[in-house]
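Here the structure comes first, spelled out in structure tokens, and everything after it is commentary.
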Amino acid sequence: MVNKMNILNVSEGNTASVDLTEPKIKAKKVNVYYGDNHALKDIDLNINPNEVTALIGPSGCGKSTFLRCLNRMNDTIDTCRVEGNIFLDNQNINDKKIDVVQLRARIGMVFQKPNPFPKSIYDNIAYGPRIHGIANNKSELDDIVHSSLKKAGLWNEVHDRLDASGTSLSGGQQQRLCIARTIAIEPEVILMDEPCSALDPIATAIIEELIEDLKNRYAIVIVTHSMQQAARISQKTAFFHLGKLMEVGDTATIFTNPTHEKTKDYITGRYG
Amino acid sequence: MTDTSQNNQTVSRVDWNSEKQVARLKKRYIKEKIFKSIAILSLGTALAALLVVLISIFSTGISGFTETRIMMDIRIDENIVGDVDNLTQEELETHIASININRMLVSSLQEKFPDVTRRADVFSLLRLFSVGAQSDIREAILDDITIIGNTVPISLKAGSDVDMLIKGNISRDVVESDRKISDQQIIWVDQFISEGRVTQNFNWGFFTSGDSREPELAGIWSATVGSFLTLLVTFMISFPIGVGSAIYLEEFAPKNRLTDIIEININNLAAVPSIIFGLLGLAIFINFMNLPRSAPLVGGLTLALMTLPTIIITARAAIKAVPPSIKEAAIGLGASHMQTVFHHVLPLSMPGILTGSIIGMAQALGETAPLLMIGMVAFIVDTPTGITEAATALPVQVYLWADSPERGFLEKTSAAIMILLAFLIIMNGLAIWLRQKFEKKW
């Protein structure tokens, strides 16, 4: 219990010391190429702490590609080449010296399709802390599993069957398990790639509530195809079109008074 | 809007009841029926062929599991046995092994057939029994030494020709000169039969003894042990190397021209005739590395070369089948590439890898040609106790027996094939079981 408090204190301390006016992530002139295909063109975007940033735009506009730049997930694609600088707390993550494993522990990711490991619920959560050596003993690990499931709003549903397979849960529960798995290693930023697209409206509502809650502790970047979702949960919205960042601003402004014609067309559903 | 579209539909709609459409439909059904019946026919042909093979093997081989024994009253002559009172068990065994059992058998036979006096006749009378009959008598004495000096009935192993006659594999209708058993011998056998002395027993010796020149004494044990030792070497070499190569090629190797060439070559290697691997094994392991000839070590190494492509190809397929979402999940949590592979990809692909490996092993178990090249085709009576001793393997044993002229080896060949098939079925069953047991759902 003492240890758990320690972990919480540390992270709370971090949150408190963060300068809320300073962006958590600053992307400067990011260009991405898939082979000869220029997928992202000169993206400049800041991600603020304790805020939900929504990335919207038609399919193939590069919003997922941009999201995957933020934790260097694109490294796993052979043909992909990323240029430009992305700063996480003034540290360039595209720097060769950056340890990508550590980076991905600091910037967690939730995927479009719920992808729990075919292991027990407990092991799903415990995997991250185990490989990063976050817990020193079994009871600390138990505490991390407990608090992560609680924060993801899943504890009450699964506390009596932590040994059950993660894949035995429903789709919405699986996605919350994936979120719990991500926050178990206490990241600073959470990236979400259309986390609700495979879920029904009720499960979606639960996840949205969860995101609302999580933004008090983390910077969240979410890719979504649902205008309503972006409007409901985000504070800042960025509209991508054909690999370009067309417009970015407060969600309220973007949805009520977009400056760009394309943004207006997309938001009102004229295309996309 | 709605009305117009409905009207449009009505206009463009096909008249499904028109003669043309009905005919079209009929034609389609006929085509389906023809295809189905051709498929069923080909499946039926394949099944029938399999059935013919199995039935012919079973009908010939099933009698290989039984042996013929003749109950004889044997006088355990104390003069031949000598004084055994003060011997330890070990000394007794050595002593009994050295005494002239043959004389005991001959005198007992002469007692039973007093009118047989000619040397040649006595010899042909003796030929009714297997050489193994002597060990039957020895075992009887060792079991109970109180029978020394008495006349006791002992069940003796019959010779192969008698065995064949009883099993109906040698016909009595053939002229005497064309069969291996003489008319006189048949008369003696019939006398034994009428006295109720001839029995058919389960042939345990077939499973516990090694090869022999005498069909009735030949067994598959040494070949089975040889096969096991060979497969052990094959597995120890090909599994780690095969799975390691598969992991490297699938997960870590850069995708370039070189890896493409390697991949094509591995696929081609899987189709190389196995005898070529035998030549390779002969050249490298025996002629160059001077490893012992005829040994399971060399056989296993050669078969490992042959099995490697199979294991690499199936392991790569199994690794490829792991959903990328699982890998992304692990990488997204900050697992390194190596951790992702060993914590998630490998455990998830293990059932597939094992299935492939077992099928590769089954293939190696049935392989004969490469073993012929490296000298595992020798006549091996003793059971090998290590991988460097001379040994033979089950399929080679089948090959050797099939090549033997004695009538008795025919049923032995089929019986050995049945054992080999049983091993193959067990291994394939194991592969299926593993796949179903560890199959994970994503």
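The values are calculated or read from the model by the stated rules, or taken from the named source; none is laboratory data. None of the values given here were measured: they were computed from a predicted structure. Here the Cβ positions follow ideal geometry from the backbone for every residue, glycine too, while neighbour counts run over all protein chains shown.
List of remarks:
- Filter result (within 11 Å of another protein chain (Cβ to nearest Cβ), in a strand (DSSP E or B) and not small (Gly, Ala, Ser)) within region A:152-191: A:Ile190, A:Leu191
- Per-region count, region B:52-93, residues loosely packed, with under 13 Cβ neighbours inside 10 Å, of a type in the set (A, V, I, L, M, F, W, C) and over 38 Å from the mean Cα position of the chain (by Cα): 0
- Looking across region A:111-120, the residues that are facing chain B (nearest Cβ under 8 Å) and either farther than 14 Å from A:Thr182 by Cβ or in a strand (DSSP E or B) (or both) come down to A:Lys113, A:Pro118.
- Entirely in region B:71-121, the helices (runs of 4 or more DSSP H) that have 1 or more residues that are in contact with a strand residue (DSSP E or B) (Cβ under 6 Å, 6 or more places away or on another chain) and closer than 22 Å to B:Ser155 by Cβ: B:101-112
- Every listed requirement among (1) farther than 27 Å from A:Lys264 by Cα; (2) within 14 Å of another protein chain (Cβ to nearest Cβ); (3) not β-branched (Val, Ile, Thr) is met by A:Arg68 save one, (1).
- Qualifying residue in region A:203-216 (condition: in contact with a Pro (Cβ under 7 Å, 6 or more places away or on another chain), without any contact (Cβ under 8 Å) to a residue 60 or more places away in the chain and not aromatic (Phe, Trp, Tyr)): yes
- Considering (1) part of a loop (DSSP other than H, G, I, E, B); (2) surrounded by fewer than 13 Cβ atoms within 10 Å (Cβ to Cβ); (3) of a type in the set (A, V, I, L, M, F, W, C), the lone condition that B:Val272 does not fulfil carries the number (2).
- If you go through region B:320-337 and keep only what is within 7 Å of chain A (Cβ to nearest Cβ), hydrophobic (A, V, I, L, M, F, W, C) and not in a loop (DSSP other than H, G, I, E, B), you end up with B:Ile326, B:Ala329, B:Ile331.
- Scan region A:71-83 for residues that are touching a residue at least 24 places away in the same chain (Cβ under 8 Å) and within 14 Å of chain B (Cβ to nearest Cβ) and the total you get is 8.
- Remark: B:Thr151 matches the filter, which requires a residue to be among the hydroxyl-bearing types (Ser, Thr, Tyr) and either surrounded by 15 or more Cβ atoms within 10 Å (Cβ to Cβ) or in contact (Cβ under 8 Å) with a residue 12 or more places away in the chain (or both).
- Within region B:132-171, tally of residues that are among the aliphatic types (A, V, I, L, M) and under 24 Å from B:Glu78 (Cβ atoms): 11
- Of the residues making up region B:100-129, those that are in contact with a Gly (Cβ under 7 Å, 6 or more places away or on another chain) and closer than 19 Å to B:Ile76 by Cβ number 1.
- Going through (1) closer than 26 Å to A:Ser197 by Cα; (2) surrounded by 21 or more Cβ atoms within 10 Å (Cβ to Cβ); (3) more than 12 Å from chain B (Cβ to nearest Cβ) one by one, A:Ile86 falls short only on (1).
- A:Asp95 within 9 Å of another protein chain (Cβ to nearest Cβ), without any contact (Cβ under 8 Å) to a residue 60 or more places away in the chain and surrounded by fewer than 17 Cβ atoms within 10 Å (Cβ to Cβ): no
- Out of B:Ile145, B:Ile96, sole residue that is surrounded by 12 or more Cβ atoms within 10 Å (Cβ to Cβ) and in contact (Cβ under 8 Å) with a residue 60 or more places away in the chain: B:Ile145
- Residues in region A:131-151 that are within 22 Å of A:Met73 (Cβ to Cβ) and surrounded by 18 or more Cβ atoms within 10 Å (Cβ to Cβ) were compared, and the one that is nearest to the other protein chains (Cβ to nearest Cβ) is A:Ile131.
- A:Glu209 being within 17 Å of the chain's Cα centre (by Cα), part of a loop (DSSP other than H, G, I, E, B) and more than 29 Å from A:Gly60 (Cβ to Cβ): no
- Under the condition of being surrounded by fewer than 18 Cβ atoms within 10 Å (Cβ to Cβ), hydroxyl-bearing (Ser, Thr, Tyr) and in contact with a helix residue (DSSP H, G or I) (Cβ under 7 Å, 6 or more places away or on another chain), the residues counted in region B:243-269 number 1.
- Test: residue in region B:345-366 that is away from every other protein chain (no Cβ under 14 Å), assigned to a loop (DSSP other than H, G, I, E, B) and of a type in the set (A, V, I, L, M, F, W, C): no
- B:Pro324 being closer than 14 Å to B:Glu250 by Cα, assigned by TED's automatic domain parsing to the domain that holds B:Met376 and out of contact with any Leu (no Cβ under 9 Å at 6 or more places or on another chain): yes
- Residue within region A:99-107 that is within 13 Å of chain B (Cβ to nearest Cβ), free of Cβ contacts under 8 Å to residues at least 24 places away in the same chain and of a type in the set (A, V, I, L, M) present: yes
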